[in-house]
Structures are given as structure tokens and as C-alpha cells.
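S.K.: There's a structure below that I have some questions on.
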Amino acid sequence: MKLKNSILSFTVLLTFLLFSKNGFSQSDKLTPDQEARIKFSIHLITYDTISSFENVLGESYYKLLVYSFSDNLSIPEIERNQFTANDKKIIENAIFKLNEVKKNPPTWNELLIKEAEYLKWIDISQRKKSKYKI
């Protein structure tokens, strides 16, 4: 009788653990709002890589990476051993940042601050005098 109760208790415990792992864990599926925030953040992650590539293949892959992630949040798997060390570093850094933003989407407030920083960067790089009053 004790063995039967122990087996039953173990089965109930195992079932509970399985349901808690599958039923209560956070889903990998993103909400439309999360997807929008992730996609909006891409230009904020990638704007500072302009003309820093040494090889046309490195820059080509980088563009494929950005376009693919922008469209469907996926990273294309391409062999990267033909890239220079500098290009690999830029690409790996971008992949890391894109994966991080996908795991932990920024809030709209965080995006607002980053967008303001981006606009200041653009303004400084293109004008002698800022167009912003503040």
C-alpha cells in the first residue's frame, strides 16, 4: 500500500512539474507590440556601422542580416570565414545585440530616449549648428 501511494505521489508530482514547465513558463512567441518594438529598434542598433567594413562580403552579409531581421526577426546562417577579422567583429556584435533585443524587447520609453540620441547624432554629423532649440 505504501509503495502504491509513493508511486501515485511521484506520478502526481511529475505531472505537476511537467505542466508547470510547459504551462506556466514564458512563451517564446512574441506579441505584436513586442515585434514592433524590436523592429523599430534595429536602426538604433545598427546606425553607427556606416562605412566601417573592410570587405564587400562583410558589408553584404551585414545588410542581409539587417534586412532579414527587419522582415522576420531571423538571422541568416552564412559561413563567415571569408570575412576580415574587423568585419567578423562588427557582424558578431550586431548579431549579439539583435539576439539580445529579441530576448528582451525595449520599452517604448527606452526607444524614445534612444531615438532622441540617434537624432542628435544625425544632427551633429550633418550640421554646423543644431536645428534643435534644446
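S.K.: Just to be sure, is GLU110 within 14 Å of ILE42 (Cα to Cα), surrounded by fewer than 14 Cβ atoms within 10 Å (Cβ to Cβ) and of a type in the set (Asp, Glu)? Outline the logic, then answer.
M.R.: Details: within 14 Å of ILE42 (Cα to Cα): yes; surrounded by fewer than 14 Cβ atoms within 10 Å (Cβ to Cβ): yes; of a type in the set (Asp, Glu): yes.
Yes: the conditions hold for GLU110.
S.K.: Separate question: I'd like to check something: does the range 33-47 contain any residue that is modelled with pLDDT of 65 or more, of a type in the set (Ser, Thr, Tyr), out of contact with any Gly (no Cβ under 9 Å at 6 or more places or on another chain) and more than 17 Å from LYS103 (Cα to Cα)? Break it down stepwise before answering.
M.R.: Filtering the range 33-47 for residues modelled with pLDDT of 65 or more gives 33-47.
From the residues that got through so far, the ones that are of a type in the set (Ser, Thr, Tyr) too are 41, 46-47.
Checking which are out of contact with any Gly (no Cβ under 9 Å at 6 or more places or on another chain) leaves us with 41, 46-47.
Of the ones still in play, those that are also more than 17 Å from LYS103 (Cα to Cα) are 46-47.
Yes.
S.K.: For the range 59-96, give me each residue that is touching a Pro at 6+ places or on another chain (Cβ under 6 Å) and touching a residue at least 12 places away in the same chain (Cβ under 8 Å). Break it down into steps so the answer makes sense when it comes.
M.R.: Taking the range 59-96 as the starting set, the residues that turn out to be touching a Pro at 6+ places or on another chain (Cβ under 6 Å) are 64, 68.
Of everything in the range 59-96, just one residue is touching a Pro at 6+ places or on another chain (Cβ under 6 Å) and touching a residue at least 12 places away in the same chain (Cβ under 8 Å), namely LEU64.
S.K.: Considering only residues that are part of a helix (DSSP H, G or I) and within 16 Å of VAL66 (Cβ to Cβ), which ones fall in the range 78-87?
M.R.: Filtering the range 78-87 for residues part of a helix (DSSP H, G or I) gives 85-87.
Selection gives ASP87 alone.
S.K.: Name the single residue that is surrounded by the most Cβ atoms within 10 Å (Cβ to Cβ) among those in the range 123-134 being within 15 Å of ASP48 (Cβ to Cβ) and not hydroxyl-bearing (Ser, Thr, Tyr). Steps first, answer last, please.
M.R.: From the range 123-134, those within 15 Å of ASP48 (Cβ to Cβ) are 123-126; that's our starting set.
Then keep just the ones that are not hydroxyl-bearing (Ser, Thr, Tyr); that gives 123-124, 126.
Working: ASP123: 13, ILE124: 10, GLN126: 8.
The extreme case among them is ASP123.
S.K.: Here is a further query. Could you list, in sequence order, the residues of the range 54-82 that are surrounded by 13 or more Cβ atoms within 10 Å (Cβ to Cβ) and either at pLDDT below 90 or out of contact with any helix residue (DSSP H, G or I) (no Cβ under 7 Å at 6 or more places or on another chain) (or both)?
M.R.: LEU57, GLU59, SER60, LEU64, SER68, ILE78, ARG80
S.K.: For TRP121, only one of the following conditions fails: (1) in contact (Cβ under 8 Å) with a residue 12 or more places away in the chain; (2) closer than 23 Å to GLY58 by Cα; (3) not charged (D, E, K, R). What is its number?
M.R.: (2)
S.K.: Here's something else I'd like to know. Can you go through LYS102, LYS120, LYS89 and tell me which one is exposed (fewer than 15 other Cβ atoms within 10 Å of the Cβ), of a type in the set (Lys, Arg) and either more than 30 Å from SER130 (Cβ to Cβ) or in contact with a Leu (Cβ under 6 Å, 6 or more places away or on another chain) (or both)? Spell out the reasoning first.
M.R.: Details: LYS102 fails: exposed (fewer than 15 other Cβ atoms within 10 Å of the Cβ); LYS120 fails: either more than 30 Å from SER130 (Cβ to Cβ) or in contact with a Leu (Cβ under 6 Å, 6 or more places away or on another chain) (or both).
Every option except LYS89 fails the conditions.
The values are calculated or read from the model by the stated rules, or taken from the named source; none is laboratory data. Predicted model, so just to flag it, every value in this text is computed and none were measured. Note that we place each Cβ from the backbone using ideal geometry, even for glycine, and neighbour counts take in every protein chain shown.
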